[in-house]
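Read-outs: derived from the displayed coordinates by stated rules, not from any lab. Note that this is a predicted model, so its numbers are computed, not measured. Cβ atoms come from the backbone with ideal geometry, glycine included; neighbour counts cover every protein chain shown.
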Amino acid sequence: MNVLMLGAGQLARMMALAAKPLNIEVRAYDVGSEQVINPLANEQVYGDLASGIAHADAITAEFEHIDHDVLALCEASGKLKPSSQAIKIGGDRRLEKALLAQSQADNAEHVIVEDEQGFQQALEHLSLPIILKSALAGYDGKGQWRLKSNEQAAQVWTEVDEFFAGSKSLVKQGIVAEQMVPFDREVSLVGVRGVNGDVKVYPLTENHHTDGVLSVSLALTGEEELQKQAQQVFTNLTNAMDYVGILAIEFFQVGNKLLVNEIAPRVHNSGHWTQQGSDTCQFENHIRAVCGLPLGGTELLRPTAMINILGEDQVSNEVLAIQGVSVHWYGKTKRAGRKMGHINVSGESHAQLQQRLQAVADLLPESAFSDIKAYIGNLT
């Protein structure tokens, strides 16, 4: 079979690698060059989008911010999974909030802001502090403002108004103003739904962020009640969209309750640990789903965590001497804060995982990994 991936970044690369043993070829549409390329050898060019669609048996996406005209062409072919609407929902927080309401999924109190009147309504209906998130093209903490006092309101609105004016999107930009949630921790659930409606989910993952970017994900055990809540939300959302493929849901945990923060209609950074921690990783399961193949096992085989490599193009080779450690590089040019690769660490017990995580952390440079080292050092 042949799969066309919309997007040619590291997620496309990892799905292409996972597809190889299944004898499935993955080609990627590079939204920058508007050419279809080999995600494992970018210099290999196959042609334009039309030829890529014609060659493909199935079409899917590695990210959600895709031009709507491109989505329309792919949808018209009858090969796109998940649907263009599902991908659009992941790329527009306003559509996402509407889906959460339709599916009765608990989330933060919010107001949609598209002009100054909407901004004033947010100030009237929400209590401070408020976080304002761009409806389009916001990720990894970008396109966000925090309003902690009324004295900040005028300046924040000026910045938001300038943001609106500078938008180059063909879809009208907006803001979702949310009541900030005093949460205990952020967790996420990655799951997969097949063409026949079968659903499988991986264990919940505890996420730690550094400067707004995911830096560590730890697969959780012994969270049966939270797992049950999260799986029900996943099932409701994917059934509502007739979704096919991997979908990630980020939650705020408040006591024993989960509130949806956001969804991602694709493989997700917090699921990278599945490469070493589960029978079938998220990348292979996404390919299986969109190609109509049976879904693979999602159970946790051994305690596993992931460390993101941010802004660094090398780590000590000594980390490879630690048992249960795998390093995955993305082949990118070094840039501050950029996701350059990740390290998966596994153990036969939680105690052994903790020991190995600490051993890895001890080999990472303090200048780039100080926050990650502190988080690992505080794990129990």
Any idea how far apart Val181 and Glu225 come out in nm if each label point goes 7 Å out from Cα toward Cβ?
1.7 nm
I need to check one value: relative contact order of segment 185-377, counting alpha carbon pairs closer than 8 Å and at least 6 residues apart, in percent.
20 percent
Could you calculate the FRET efficiency of Lys148 with Leu170 from 1/(1 + (r/R0)^6), where r is the beta carbon distance between them and R0 is 35 Å, rounded to 0.05?
0.55
Using r as the Cβ-Cβ distance of Asn196 and Thr158, and R0 as 45 Å, what FRET efficiency do you calculate, to the nearest 0.05?
0.30
Suppose each label sits 7 Å from its Cα in the direction of the beta carbon; what would the Leu379-His209 distance come out to in nanometres?
2.0 nm
What is the sum of charges, Lys and Arg at +1 and Asp and Glu at -1, for the other residues whose Cβ falls under 12 Å from the Cβ of Leu364?
-4
Quick one: Debye curve from the alpha-carbon atoms of the chain only, equal weights, vacuum; give me log10 I(q)/I(0) at q = 0.11 Å⁻¹ to two decimals.
-0.80
Aspartates and glutamates with Cα under 12 Å of Lys339, excluding same-chain neighbours fewer than 8 positions away
Asp140, Glu312, Asp313
Rg to Rh, two decimals, where segment 185-377 supplies the alpha carbon set and Rh follows Kirkwood:
0.97
So if I place +1 on the C-beta of Lys and Arg and -1 on the C-beta of Asp and Glu, and nothing else carries charge, what would the dipole magnitude of segment 116-272 be about its Cα centre? I want it in debye, nearest 20.
340 debye
Assuming a ≥ b ≥ c are the square roots of the Cα gyration tensor eigenvalues, decide whether segment 88-147 counts as rounded (a/c under 1.5), prolate (otherwise, with a/b larger than b/c) or oblate.
oblate
With the 8 Å Cα cutoff and a minimum separation of six or more residues, segment 2-80 has a relative contact order in percent of 33 percent
Name the most mobile residue of Gly212, Gly271, Gly90, meaning the one with the largest mean-square fluctuation, in a Gaussian network model of the chain with Cα contacts below 10 Å.
Gly212
Using a Gaussian network model of the chain with C-alpha springs under 10 Å, which one of Leu80, Leu136, Leu301 is most mobile by mean-square fluctuation?
Leu301
For the chain the mean separation of alpha carbon contacts under 8 Å (6+ apart) over residue count, i.e. relative contact order in percent, is 13 percent
Holding the Cα-Cα limit at 19 Å, pick out from Lys133/Lys334; Lys168/Lys334; Lys133/Lys172 the pairs that are longer than that.
Lys133/Lys334; Lys168/Lys334
Segment Asp242-Gln358, length gained on full extension (0.36 nm per residue, minus Cα span):
37.5 nm
Under a Cβ-only charge scheme (Lys and Arg +1, Asp and Glu -1), can you give me the dipole magnitude of segment 251-348 about the Cα centre, in debye to the nearest 20?
400 debye
Using alpha carbons only, how many angstrom separate the centre of segment 307-322 from the centre of segment 29-93?
32 Å
What does the charge dipole of the chain about its Cα centre add up to, to the nearest 20 debye, if the Cβ of each Lys and Arg holds +1 and the Cβ of each Asp and Glu holds -1?
620 debye
Full extension from Asp57 to Trp329: what is 0.36 nm times the residue separation minus their Cα-Cα distance, to one decimal in nm?
95.0 nm
Modelling each spin label as a point 7 Å along the Cα-to-Cβ direction, I'd like the Ile322/Ala41 distance in nm, to one decimal.
3.5 nm
Name the lysines eligible as straight-distance cross-link partners of Lys81: C-alpha to C-alpha under 24 Å, and not fewer than 8 places from it in the same chain.
Lys20, Lys97, Lys200
